[in-house]
């Protein structure tokens with residue numbers, strides 16, 4: 001029986017990079033090693049277009065589960081590693097074919113070592129002929145049941161029959177920092193995933209309003225941050241006390257404008273926290289038209305108070321798409337736990353959908369919000385959530 005002993009990792013989107021390509025590959029290489037930092041007996045090797053992990057033992061399920069969560073990987077394959085000698089390559093391919101229960105096959109050779117005596121086309125034809133003579137399999141060049149891929153390198157050749165899709169994107173922590181408004185609902189964790197997929201390092205900011213919001217609501221957010229930190233290894237969560245600001249907003253504005261004003265205050269605070277922590281943008285899980293505060297008019301009114309980029313990775317997603325992705329990344333069940341955040345606890349009955357900036361400014365002139373913002377920031381609680389495979393650490 002063929003025993004696979006190496007996983008071959010492909011880069012995908014990183015292949016389009018120019019002079020800084022090597023930096024992206026090095027970051028991906030380190031992220032992969034960090035993903036398996038609890039396993040000592042793996043060996044690693046990288047080339048200009050591949051990363052290889054060699055292993056002994058029954059690690060395929062574990063490797064598959066973890067590599068699927070490493071951004072920057074286009075696909076990966078478990079391979080049999082043999083010496084770059086034609087006889088060994090042919091014998092291994094024949095052994096794989098004999099073990100297969102499929103009906104058709106195709107040989108796909110890639111000769112990276114141009115000194116190898118046979119070119120890719122000859123390798124394809126010769127090995128296909130050997131399999132045809134010694135098995136009942138037929139060649140199907142369009143949709144083979146068993147694609148046998150061969151990568152011939154200088155000393156070693158890698159043979160595989162499967163290609164597992166990776167997460168894609170860019171390596172985590174590669175493209176700068178962003179501060180995400182993490183509410184604890186369904187949308188913002190999905191937005192976090194999308195941001196990290198583009199290589200951004202995400203810090204989170206959460207607005208708590210005790211006693212109206214519970215300790216359970218805060219812990220839910222920390223649990224979500226812990227789950228998401230698996231993709232970037234850790235995450236800082238800035239917990240901002242928001243009760244006094246929220247009560248003052250409802251005192252001066254009542255129901256229709258309350259959510260708009262709350263979002264404007266949150267964005268003001270997020271901008272200050274972002275700048276203090278070297279984040280180049282703030283981000284949210286907003287989607288156009290999903291709720292009253294996410295109409296284009298509302299987004300424009302809320303954006304008016306900040307002067308750094310606001311990233312909204314879900315802006316054109318519909319709710320079904322967001323829920324499907326939340327389920328895929330396993331945040332959905334935690335997000336729907338019945339612990340309300342400060343936006344839902346005071347859910348307005350008649351929120352304005354086309355807010356007026358001048359009217360917002362009038363309401364804000366009725367209290368000293370700048371002083372209250374500073375006080376809220378001065379009383380922030382910063383949690384560093386570290387992803388571990390044995391236990392949760394909230395430091």
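Values quoted throughout were computed directly from the atomic coordinates according to the rules given, and no laboratory measurement underlies them. Note that the structure is a prediction, hence the values are computed from the model and not measured. We place every Cβ from the backbone using ideal geometry, glycine too, and count neighbours over all the protein chains shown.
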- prompt: Can you tell me the Rg and the Dmax, both Å, for the Cα atoms in the chain?
  reply: 26.6, 88
task: Pop a pseudo-label 7 angstrom from the Cα along the beta-carbon direction at both residue 45 and residue 154 and give the gap in nm to one decimal.
output: 1.0 nm
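In nm, what is the difference between 0.36 nm times the number of residues separating residue 88 and residue 54 and their Cα-Cα distance? Walk me through the intermediate numbers first.
Numbers: separation 34, 0.36 × 34 = 12.24 nm, distance 1.87 nm.
Length gained between residue 88 and residue 54: 10.4 nm.
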query: Across 5 Å bins from the origin, how do the percents of Cα pairs in the range 122-194 run, short distances first?
result: 3, 10, 14, 15, 10, 8, 7, 8, 9, 8, 6, 4, 0
- prompt: Label point 7 Å out from residue 337 along Cα-to-Cβ: which residues of the range 183-212 have amide N under 20 Å?
  reply: 183-193, 204-212
task: Be a star and scan the range 39-65 for residues whose amide nitrogen sits under 14 Å from the point 7 Å along the Cα-to-Cβ vector of residue 99.
output: 57-60
query: If you project the alpha carbons of the range 200-307 onto their three principal axes, what span does each projection cover, largest first, in Å?
result: 41, 31, 28
- prompt: In nm, to one decimal, how far is the residue 114 label point from the residue 308 one, both placed 7 Å along Cα→Cβ?
  reply: 4.9 nm
message: If I model a spin label as a point 7 Å beyond the Cα along the Cα-Cβ vector, how far apart are those points for residue 276 and residue 365 in nm?
response: 2.9 nm
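By average Cβ neighbour count within 10 Å, what is the ranking of 99-108, 22-31 from highest down? Walk me through the intermediate numbers first.
Details: 99-108: 15.9, 22-31: 17.4.
Ranked by mean Cβ neighbours within 10 Å, highest first: 22-31, 99-108.
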- line: For the range 177-394, using Cα atoms only, the Rg and Dmax in Å read 16.3, 53
- request: Classify the range 6-165 as rounded, prolate or oblate, taking a ≥ b ≥ c as the square roots of the eigenvalues of its Cα gyration tensor: rounded when a/c is under 1.5, otherwise prolate if a/b is larger than b/c and oblate if not.
  value: prolate
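If each residue of separation counts as 0.36 nm, what is the full-extension length gain between residue 321 and residue 379 once their alpha-carbon separation is subtracted? Spell out each step's value before the answer.
On the way: separation 58, 0.36 × 58 = 20.88 nm, distance 3.67 nm.
Gain on extension, residue 321 to residue 379, equals 17.2 nm.
Which of the peptides 135-144, 89-98 is most tightly packed, and how do the rest follow, judged by the mean count of other Cβ atoms within 10 Å per residue?
Details: 135-144: 13.1, 89-98: 18.9.
The most tightly packed comes first, giving 89-98, 135-144.
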task: As a check on your grasp of the helix formula, calculate [θ] at 222 nm for the chain: sum -39500 (n - 2.57) over DSSP H runs of n ≥ 4, divide by the residue count, round to the nearest 500.
output: -11500 deg cm²/dmol
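If we sort 311-319, 195-203, 242-250, 43-51 on the protection proxy, mean other Cβ atoms within 10 Å, highest first, what's the order?
Values: 311-319: 17.1, 195-203: 22.9, 242-250: 19.2, 43-51: 13.6.
Order by mean packing, descending: 195-203, 242-250, 311-319, 43-51.
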statement: Stretched fully, the stretch from residue 66 through residue 177 gains (0.36 nm per residue minus C-alpha distance, one decimal, in nm) 37.6 nm
